[in-house]
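Engineer: Got a structure for you, written out below as structure tokens; questions coming shortly.
The values are calculated or read from the model by the stated rules, or taken from the named source; none is laboratory data. Quick caveat, the model's predicted, so the values are computed rather than measured. Positions of Cβ are generated from backbone atoms using ideal geometry, with glycine treated the same way; all protein chains shown enter the neighbour counts.
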Amino acid sequence: MNLIEALAIPHSALVDQRITKKLYYENVSMNISQKKLFKEELESLQFLYNIAPSTMNIPHFINEEYHYDNIAVIEATLKSRKYAAALAEIIHKVPYPVVLIMNSEDHTLLSLSPKRINRADNTKRTIESSISTDWIDTQNPGEFETLFLKSLSLSSMSYENLYKLYEAIIERITALQSSKYVSAFTIVRDTTARRLGLDQIASLQNRMSECRNRLKKADQFNEKIQINIDIKEIEKQIDLAKQGLLWKN
């Protein structure tokens, strides 16, 4: 099962139109390096579905902070997986919420970026965060990846409004990210605390890598002792953060 099949989006929302790179160059702000990356590493871009009140009978959600009157489902085929994060950042620059499916050979990932209305210019959007799965081997998904794919059918999510629907997909990505640390795929409605826990783990893991690099270069015995103490303390903090992912709801 691939991500498109897993989402099970009704045919009424089908668009299936190619998006030209020229269209992005003309409408999305990119620096020189981003333009080069977009040109050389992106194989193709397809506007698959438009989820909107008129196509799926889901109400829009508009207030002072958010403007969700449609959700675009876009598929990107990449020449390699190396620059996926950088390309996702560019593709998400459009001023509406995107469910981005990225493919490279037999692997796929799902990327979402919740956006707020820009306070200085309400015609623009500010990306709050970037949330994505790791690359999933579509030929041989793992246990929790399989559960994740099975959970993605839109019919199992809230149709209260488009914002709630977008958040429901984020909940499932967060559950998959958490499963790496807690060996369980559990969906929680409020992902804020859980996402903070995941960010904390990522930060601690970076500190751990820095400490291990310092340890390799250390010459003094006392310095090595202190670095090992620091590593043990970081390991404890990571374990506590992992435990927190189990009950954050």
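Engineer: Would you say ILE187 is modelled with pLDDT of 95 or more, closer than 28 Å to HIS67 by Cα and not basic (Lys, Arg)?
Structural biologist: Numbers: modelled with pLDDT of 95 or more: no; closer than 28 Å to HIS67 by Cα: yes; not basic (Lys, Arg): yes.
Criteria not met by ILE187.
Engineer: How about the range 85-110: which of its residues are within 14 Å of the chain's Cα centre (by Cα) and among the small types (Gly, Ala, Ser)?
Structural biologist: Passing the criteria: ALA85, ALA86, ALA88.
Engineer: Working only within the range 11-24, note down all residues that are under 16 Å from PRO95 (Cβ atoms) and either over 23 Å from the mean Cα position of the chain (by Cα) or loosely packed, with under 13 Cβ neighbours inside 10 Å (or both).
Structural biologist: LEU23
Engineer: Of the residues that sit in the range 52-93 and are out of contact with any strand residue (DSSP E or B) (no Cβ under 6 Å at 6 or more places or on another chain) and among the charged types (D, E, K, R), which one is surrounded by the fewest Cβ atoms within 10 Å (Cβ to Cβ)?
Structural biologist: This residue is GLU64.
Engineer: Might you check whether a residue that is closer than 24 Å to SER130 by Cβ and either assigned by TED's automatic domain parsing to the domain that holds TRP135 or surrounded by fewer than 18 Cβ atoms within 10 Å (Cβ to Cβ) (or both) occurs anywhere in the range 218-235?
Structural biologist: no
Engineer: I would also like to ask the following. Answer yes or no as to whether LEU109 is crowded, with 20+ Cβ neighbours inside 10 Å, over 15 Å from ILE169 (Cβ atoms) and modelled with pLDDT of 95 or more. Talk me through it step by step, then tell me what you get.
Structural biologist: Numbers: crowded, with 20+ Cβ neighbours inside 10 Å: yes; over 15 Å from ILE169 (Cβ atoms): no; modelled with pLDDT of 95 or more: yes.
No.
Engineer: Can I ask one more? When THR192 is evaluated against the numbered criteria (1) of a type in the set (Ser, Thr, Tyr); (2) over 24 Å from ALA241 (Cα atoms); (3) free of Cβ contacts under 8 Å to residues at least 12 places away in the same chain, which criterion, by number, is the only one it fails?
Structural biologist: (2)
Engineer: From the list TYR96, TYR49, exactly one residue is in contact with a strand residue (DSSP E or B) (Cβ under 7 Å, 6 or more places away or on another chain), without any contact (Cβ under 8 Å) to a residue 60 or more places away in the chain and not in a strand (DSSP E or B). Which is it? Steps first, please.
Structural biologist: Values: TYR49 fails: not in a strand (DSSP E or B).
Exactly one residue qualifies, and that residue is TYR96.
Engineer: Could you tell me whether the range 58-71 includes any residue that is of a type outside the set (S, T, N, Q) and either over 23 Å from TYR163 (Cβ atoms) or in contact with a Ser or Thr (Cβ under 8 Å, 6 or more places away or on another chain) (or both)?
Structural biologist: First, pick out the residues of the range 58-71 that are of a type outside the set (S, T, N, Q): 58-62, 64-69, 71.
Subset that is either over 23 Å from TYR163 (Cβ atoms) or in contact with a Ser or Thr (Cβ under 8 Å, 6 or more places away or on another chain) (or both): none.
Checked against the condition, which is being of a type outside the set (S, T, N, Q) and either over 23 Å from TYR163 (Cβ atoms) or in contact with a Ser or Thr (Cβ under 8 Å, 6 or more places away or on another chain) (or both), the range 58-71 yields no hits at all.
Engineer: Going through ARG207, ARG212 one at a time, which residue ends up being more than 26 Å from TRP135 (Cα to Cα), part of a helix (DSSP H, G or I) and either touching a strand residue (DSSP E or B) at 6+ places or on another chain (Cβ under 7 Å) or not assigned by TED's automatic domain parsing to the domain that holds SER132 (or both)?
Structural biologist: Only one candidate qualifies: ARG212.
Engineer: Under the condition of being crowded, with 19+ Cβ neighbours inside 10 Å and either more than 13 Å from the chain's Cα centre (by Cα) or among the small types (Gly, Ala, Ser) (or both), which residue from the range 165-181 is farthest from PRO97 (Cα to Cα)?
Structural biologist: Among those residues, the one meeting the criterion is SER179.
Engineer: Looking only at the range 116-137, which residues are crowded, with 17+ Cβ neighbours inside 10 Å and either without any contact (Cβ under 8 Å) to a residue 24 or more places away in the chain or touching a Phe, Trp or Tyr at 6+ places or on another chain (Cβ under 7 Å) (or both)?
Structural biologist: ILE117
Engineer: Restricting the range 173-204 to residues that are assigned to a helix (DSSP H, G or I) and of a type in the set (D, E, K, R), which is nearest to ILE234 (Cα to Cα)?
Structural biologist: Of all residues in the range 173-204, those assigned to a helix (DSSP H, G or I) come to 173-182, 192-204.
Among the residues that remain, those that are also of a type in the set (D, E, K, R) are: 180, 194-195, 199.
Values: LYS180: 18, ARG194: 19, ARG195: 19, ASP199: 14 Å.
Ranking the candidates gives ASP199 first.
Engineer: Please pick out the residue among GLU160, GLU145 that is assigned to a helix (DSSP H, G or I) and either surrounded by fewer than 19 Cβ atoms within 10 Å (Cβ to Cβ) or outside the structural domain of ILE238 (by TED's automatic domain parsing) (or both).
Structural biologist: GLU145
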